[in-house]
Every structure is written in C-alpha cells, then in structure tokens.
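Below: the structure, in structure tokens.
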Amino acid sequence: MKPPLPPSTSSALRKTRPSPYFYTFLTFTVFVLILYCEDLLSIFDRNELVPIKPIPETGKEKETKSTSQLPFVIGEPEETGKKEETESKSKLPFAIGEPEETGKKKEAKSTSKLPFAIGETEEGCDIFSGRWVRDELTRPLYEESECPYIQPQLTCQEHGRPDKEYQKFRWQPYGCDLPRFNATLMLESLRGKRMMFVGDSLNRGQYVSMVCLLHRILPPNAKSLESSIDQSLTVFRAKDYNATIEFNWAPFLLESNSDNAIVHRVDDRMVKKGSINKHGKNWKGVDVLVFNTYLWWMTGRKMKFLKGKGSFKDEKKDIEELTTEDAYRVAMKSMLKWVRKNMDRNKTRVFFTSMSPLHIKSQEWGGEPGGNCYNETTLIEDPNYWGSENKNIMQVIAEEFRKSKYPITFLNITQLSSYRKDAHTSIYKKQWSPLTPEQLANPISYADCVHWCLPGLQDTWNELLFTKLFYPS
C-alpha cells in the first residue's frame, strides 16, 4: 500500500486546476479565430503585401503614368507637371511611340548613365519637334568640294544644281537648342572604338555625312577610306584615334537576294527567315550601331520569306508570304533579339533611324498633278504635313521597341525631313545609264526624290545623333 500524499501537495494541485470558465473562454477564442482567420490575417499582414511604389519625378503619379504611355510623339515639346498639356500631346497627329531610349522601365532605371553620355537634353525638350530656320552663318557645316568621300549620286552642285538654298537651313527644336556638332568630342569618344551604320543607301548617305563632318579635323595622312570588293562594307579610319566609322550594306537587315551592294535591283525581292547572323557577324564588337531599314520593304505587294535551309538560287523554294507590316515586324524582332544577345548595355549604344520620306507626288503638298520633287526649292510649311509614308510601320516599330530589354535610341527624323521637298538630289546626280531623249524632255520622269544632296538634310540627322549620343534624355 502506497502512503497517502501529504496534505500540502494535494491542496496545491487543487488550487492550480483550471476553472471551467477558462475552458469556455478558450473554446470561444478558437471558434472566433477559425471564423475570422482570413480577415485578421489581411489586417495584420497588409503592409508586407503591398509593394512600395517609386516616387515619380514630378511628384504626381497620375501624370507620370500618362506620360509613359505616349508613343514617339511628334509635336510641341512637353512641359512636365501640367496634366492638361500631357493629355493633349497624346492626341497629336502621328503619335507613334515614345521616348528615344526605349526598353523596360525598371531595367532602364538600373543604369544611371548611358554609355557616351556627358550630359542631358534640356528637360521638357523634344529635339525632333521644331521648325526649319534659314541660317547663312552656320550652314552648310562643310562644303561639297571639301569632302572627297561624297558619292557622285549625292554631289548636287557638281552635277549642275543652280541654287544652294537647300544647304542653308538649320533645325530648331521648340524651347531648346541643339548642341553644336563637335568633331573632336566625337572622335575622342570613339578612340579605340567602332561606329557602324547598317542599312540601305539612305543610311549610307547618313554615314557619308558623318565622315564628312569628322574628316575635316584630321590631317591627310591620318585618315583613310576602304571598301570591300563587293562594297558591302566600307571603313573610314581615323588613325590617330584608332577609331573607325563603318557602313554595312544590309537593306533588310536579314539576309536577302538584294545583298549585293553593287547589283541589287531585283524585281522579286525575297528575305530569308532567321538569317540575322548573315550580316550580324559584321556588327560584333561595334560600340555605336545605327540601324535603318524601310524603303526596301515597300514593294506594294506581300513580302516573300525563304524558309528552311534553301537558297535564293534554288528552282524550287519553300516560300511564305507576309504582309508588309508582318514582314517588317519579323525583321524588328530579329534585330532586337540580336542586339540583346550581342551588345553590352553598359558599354555600347544602339540607334534606329526612322523612315526617310519620299516626295514623289506633288499633289500631297498642294502642288500640280503629275509633279514630284523636281524643281522644288522651297520647304513645306504645314507643320502637320505627312506624305505617303506608312504609319503602320511606325506603329510596328513603337510596339516592338517598347518590349526591348536593351535601350534603343530612336532617331525620329521622318516628319522633320518630310518638310524638305527641296533637299533631294532630283536630276542633279550621276546617272548610271544614258538618259533617253524622252527622259531629257521630261526631267520629272527621272528625278530622284528618294536620296538627299550633301551637304544638306542628312547632316541634321547626324546633329540629332550627336545630341542623343552625348546628351540623352
């Protein structure tokens, strides 16, 4: 038999036994927690679930959101902090995309300073929105006779153009000024580096303009210009700077049956899918890339794409036909993918020049029927003028560039160039085949209203490139 517990121990146990009321309260508490668990959690955890939003630069979140959605606006310069003006800009004609430095907003903010940048464009200034002003003091930036690198297709004075008015206009943005083109700064920044223009003959014109702007400060024995046998690659060397300014003929960017830089007039144009590396091998190692492609896509019919591993010379080909817009989108996607894989956003810059306008129908600007740029010596004054350029292509560019993970600087030269019906080479150029008596009797029939005289409009394109390279927004 076990001895009984001491009275003091039995008394202590009875005193610590929980009250029946405690069990009732505990049961009630558990019931409440089960019933309202979700609501209580949402109350106590609310601060952890809601992300903290960055403070907009203007201090007004609503205005920042509306601005970020503007597409490549062409119009008056934007003044930040005014909602009314921001909203009105979204309704401007030909608004097709936004800002020059495209790419995902979060990633763009991670790099505080773009490569080559030494400053910023004045706040609220859209350098592509402005007007042409006559300027005899600073224009032209060089003389045609001073630049031996201009091709005979672009030397309008040499080929008899009687006036020089087209050389005397300067682009003046609204509300700010373009920095003066500084050849020394450009070459110093390109020391030990490569700049390359990639595209068709219009981009080659911009390339030649850049060479003309730079070569003047170099002594004769410190520069050279070389071309490959097929002229698909041209290289200007600034020897003392160990710098090159290059041009690569690639009218579609993708491989095509028009890749011969000398003989490329093909009626049945064809492009090969997935072939960006055909030309891309020439772009590797370049520090500043300037792309352009547009005119060659404008065939008036569907674009043919060669599929698989076939050749353009094959009798039987696996062909896919796409609309102009869909075909152009394929090229943009391929270009952007190549850039993302091959360009270092912390060391390199990529530019894309928008489409160069044509002036082949004088009725578009109120001229006589049947005319074109021939004999045109004045500018178009209507600020909202837009010719026959494909606005759907501009929309494709805007849509694809917004998705880019690499910041692309868009040089929106289309509308500012559309005012310059006076600046084309017209009939004042080297003709590669003898003109017929019928053509000579009707100069309109052979006037070139695609390309531009140098010096001239394309020097302005390079002033804009210079501004965006060194003073990005």
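The values are calculated or read from the model by the stated rules, or taken from the named source; none is laboratory data. Fair warning: this is a prediction, and the values are worked out from it, not measured in the lab. Cβ atoms come from the backbone with ideal geometry, glycine included; neighbour counts cover every protein chain shown. Each accessible area value is taken on the protein alone, full model and side chains, heavy atoms only, with ligands, DNA and RNA left out. Shrake-Rupley method; radii C 1.70, N 1.55, O 1.52, S 1.80 Å.
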Problem set entry | Failed criterion for Ile245 (all others in (1) crowded, with 16+ Cβ neighbours inside 10 Å; (2) at pLDDT below 90; (3) not acidic (Asp, Glu) hold) | (2)
Seminar exercise, completed: Residues of the range 337-360 being buried (at least 22 other Cβ atoms within 10 Å of the Cβ) and in a helix (DSSP H, G or I), in sequence order, are Val339
Exercise. Which residues, taken from the range 215-234, are under 23 Å from the mean Cα position of the chain (by Cα) and either part of a strand (DSSP E or B) or within 21 Å of Ala183 (Cα to Cα) (or both)?
Worked result: Leu233, Thr234
Exercise. For Ala238, are the conditions met, namely being surrounded by 21 or more Cβ atoms within 10 Å (Cβ to Cβ), at pLDDT below 90 and hydrophobic (A, V, I, L, M, F, W, C)?
Worked result: no
Seminar exercise, completed: Taking the range 161-172 and keeping only residues that are open to solvent by less than 30 Å² (accessible area, probe 1.4 Å) and in contact with a helix residue (DSSP H, G or I) (Cβ under 9 Å, 6 or more places away or on another chain), one is left with Tyr166, Gln167, Trp171
Problem set entry | Among residues of the range 412-469, those that are hydroxyl-bearing (Ser, Thr, Tyr) and closer than 17 Å to His159 by Cα, counted | 5
Seminar exercise, completed: Picking from Glu136, Glu146, Glu188, Glu158, the residue that is surrounded by fewer than 22 Cβ atoms within 10 Å (Cβ to Cβ) and under 20 Å from Phe466 (Cα atoms) would be Glu188
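Rundown of residues vs (1) among the β-branched types (Val, Ile, Thr); (2) part of a helix (DSSP H, G or I), yes/no style:
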| residue | (1), (2) |
| --- | --- |
| Ile262 | yes, no |
| Gly274 | no, no |
| Lys317 | no, no |
| Glu320 | no, no |
| Glu325 | no, yes |
| Val330 | yes, yes |
Problem set entry | Yes/no for Ser426 being crowded, with 20+ Cβ neighbours inside 10 Å and either on the phi > 0 side of the Ramachandran plot or of a type in the set (Asp, Glu) (or both) | yes
For this session: Go over the candidates Tyr149, Tyr142, Tyr174, Tyr166 one by one and state the one that is in contact with an Asp or Glu (Cβ under 7 Å, 6 or more places away or on another chain) and closer than 29 Å to Tyr428 by Cα.
Result: Tyr166
For this session: Considering only the range 390-473, give the strands (runs of 3 or more DSSP E) lying wholly within it that have at least 2 residues that are out of contact with any Asp or Glu (no Cβ under 7 Å at 6 or more places or on another chain).
Result: 408-411, 448-452
Problem set entry | Criterion: over 22 Å from Ile127 (Cα atoms) and either among the aromatic types (Phe, Trp, Tyr) or touching a residue at least 12 places away in the same chain (Cβ under 8 Å) (or both) - qualifying residue of Gly387, Gly366, Gly371 | Gly371
Exercise. Which of (1) open to solvent by less than 70 Å² (accessible area, probe 1.4 Å); (2) of a type outside the set (S, T, N, Q); (3) in a loop (DSSP other than H, G, I, E, B); (4) under 20 Å from Val396 (Cβ atoms) does Lys304 not meet, given it meets every other one?
Worked result: (3)
Exercise. In the range 290-327, how many are among the aromatic types (Phe, Trp, Tyr), under 13 Å from Ser256 (Cβ atoms) and in contact (Cβ under 8 Å) with a residue 40 or more places away in the chain?
Worked result: 3
